[in-house]
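Engineer: After the structure tokens below, expect a handful of questions from me.
The values are calculated or read from the model by the stated rules, or taken from the named source; none is laboratory data. Being a predicted model, the structure only gives us computed values, none of them experimental. Cβ coordinates were reconstructed from backbone atoms using ideal geometry, including for glycine residues, and neighbour counts include every protein chain displayed. Please note that ligands, DNA and RNA were not included when accessible areas were found on the heavy atoms of the full protein model with its side chains. Shrake-Rupley method; radii C 1.70, N 1.55, O 1.52, S 1.80 Å.
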Amino acid sequence: MKHGIIRTFVLAAAMTAVVAGAAQAGAGAKLVPEAVRQAGKITVGSQQTFPPIEFREPGASEVTGASSDLLHEIAKRLELKLEYVQAEYAALIPGIEAKRFDVASGGISDTEEREQKLDFVNYMLSGGSAMVRTEDADKYKTIADFCGKSVATLLGSRVIMAKVEEASAACTAKGEAEIRAEQLPSAPDARMQLDLKRVDAYLGDFPALVYMSGQFPGKYSIVGGNYMLTPYITSWGFSKDNTGLRDAVKLTLQEMLADGGYKSIMDKWGVGGALLPEITVNLPASKR
């Protein structure tokens, strides 16, 4: 009898755990649009060259990084699979509009201008910074030191380009030469231009620049140590007619914030300091 009671208790506990797990998965899963549920997957458009957030290791086919891990865990909790579609950074918003994929990812930031076309689930605090060759590090402290110099950034980086244009106007206002900006398709292209001394700095996301400089010890430096050209909120973009998936992702990440899953993944990739205290929709840095 005693063993029977124990077995009954264990079975009841196991069933309770299953029900609890299903309830947790179901919270966001109920919001998933039927078309996505029928497809059984979330498709993610990404450039896949944004370490440590979303990238592929040389020779690898799988996408990895903090955003990738977060999205895989979200998909798992929504009882869906995750599938990546390669897309250049400048093609992410058009790709959502053309229904090439469900989510735009890989370092895209929420801005009031972009909100005219997409909705954003905000998942990381970040900012634009500048990486230079270590041999030139003493020359630069802020963007104001680049008058008459050239910089590279990614195509579609409107937030960074707006700051470059603002700084360039300040250069010409005081009688100095403007800042020349070259927009390139990918981070490796920008780094190559820096290596070839065709540009004086690569302007990009601070976590990505720190990661990149760490891959080549002594070769690159961040301007001013940790200078921030501009703060912004790294986000996942959704079509404005896909609010169900947007809200499912937002709710699931909020659950991960509560249970520690969000922090664990961000800490794993060395970006735990970029956690948001609350998961929000359409709340860019300009509104915070």
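Engineer: Give the residues of region 60-104 that are among the polar types (S, T, N, Q), part of a strand (DSSP E or B) and within 20 Å of Val36 (Cα to Cα), sorted by residue number.
Structural biologist: Answer for region 60-104, where residues must be among the polar types (S, T, N, Q), part of a strand (DSSP E or B) and within 20 Å of Val36 (Cα to Cα): just Gln86.
Engineer: Which ones in region 79-136 are in contact (Cβ under 8 Å) with a residue 40 or more places away in the chain and acidic (Asp, Glu)?
Structural biologist: Listed by number, the residues that qualify are Glu79, Glu83, Glu88, Glu97, Asp102, Asp110, Glu112, Glu113, Glu115, Asp119, Asp136.
Engineer: Something else now. Identify all residues within region 173-192 that are of a type in the set (A, V, I, L, M), in contact (Cβ under 8 Å) with a residue 12 or more places away in the chain and surrounded by 15 or more Cβ atoms within 10 Å (Cβ to Cβ); write none if there are none.
Structural biologist: Listed by number, the residues that qualify are Ile179, Ala181, Leu184, Ala187, Ala190.
Engineer: Just checking, which of Val249, Val199, Val210 is farther than 26 Å from Ala98 by Cα, touching a helix residue (DSSP H, G or I) at 6+ places or on another chain (Cβ under 9 Å) and not aromatic (Phe, Trp, Tyr)?
Structural biologist: Of Val249, Val199, Val210, the one residue that is farther than 26 Å from Ala98 by Cα, touching a helix residue (DSSP H, G or I) at 6+ places or on another chain (Cβ under 9 Å) and not aromatic (Phe, Trp, Tyr) is Val199.
Engineer: List pairs: first in region 265-276 and more than 17 Å from Leu209 (Cα to Cα), second assigned to a loop (DSSP other than H, G, I, E, B), Cβ under 6 Å, 6+ apart or cross-chain?
Structural biologist: The qualifying pairs do not exist here.
Engineer: Would you tally the residues in region 145-169 being in contact with a helix residue (DSSP H, G or I) (Cβ under 6 Å, 6 or more places away or on another chain) and free of Cβ contacts under 8 Å to residues at least 40 places away in the same chain?
Structural biologist: Count: 2.
Engineer: Follow-up question, since we're still on this one. Restricting attention to region 193-206, and to residues there that are open to solvent by 20 Å² or more (accessible area, probe 1.4 Å) and part of a helix (DSSP H, G or I), which single residue is nearest to Leu229 (Cα to Cα)?
Structural biologist: Per the criteria, the residue is Phe206.
Engineer: Do you know which of the residues in region 170-191 that are modelled with pLDDT under 95 and out of contact with any helix residue (DSSP H, G or I) (no Cβ under 8 Å at 6 or more places or on another chain) is nearest to Val223 (Cα to Cα)?
Structural biologist: Ala190
Engineer: Within region 215-240, how many residues are closer than 30 Å to Ile96 by Cα and outside any strand (DSSP E or B)?
Structural biologist: 3
Engineer: Looking at region 38-61, I want the residues that are more than 20 Å from Ala90 (Cα to Cα) and have a partner that is assigned to a strand (DSSP E or B) with Cβ atoms under 7 Å, at least 6 apart or on another chain. Which pairs are those?
Structural biologist: Once the first residue is more than 20 Å from Ala90 (Cα to Cα) and sits in region 38-61, its partners that are assigned to a strand (DSSP E or B) give Gly40/Lys81; Lys41/Lys81; Lys41/Leu82; Lys41/Glu83; Ile42/Leu82; Ile42/Val103; Glu57/Thr64.
Engineer: Whether any residue in region 242-255 is free of Cβ contacts under 8 Å to residues at least 12 places away in the same chain and either surrounded by fewer than 18 Cβ atoms within 10 Å (Cβ to Cβ) or not in a loop (DSSP other than H, G, I, E, B) (or both) is what I want to check.
Structural biologist: Checking region 242-255: not a single residue is free of Cβ contacts under 8 Å to residues at least 12 places away in the same chain and either surrounded by fewer than 18 Cβ atoms within 10 Å (Cβ to Cβ) or not in a loop (DSSP other than H, G, I, E, B) (or both).
Engineer: Follow-up. Within region 130-142, is there a residue that is surrounded by fewer than 23 Cβ atoms within 10 Å (Cβ to Cβ) and in a strand (DSSP E or B)?
Structural biologist: Yes, region 130-142 has at least one match.
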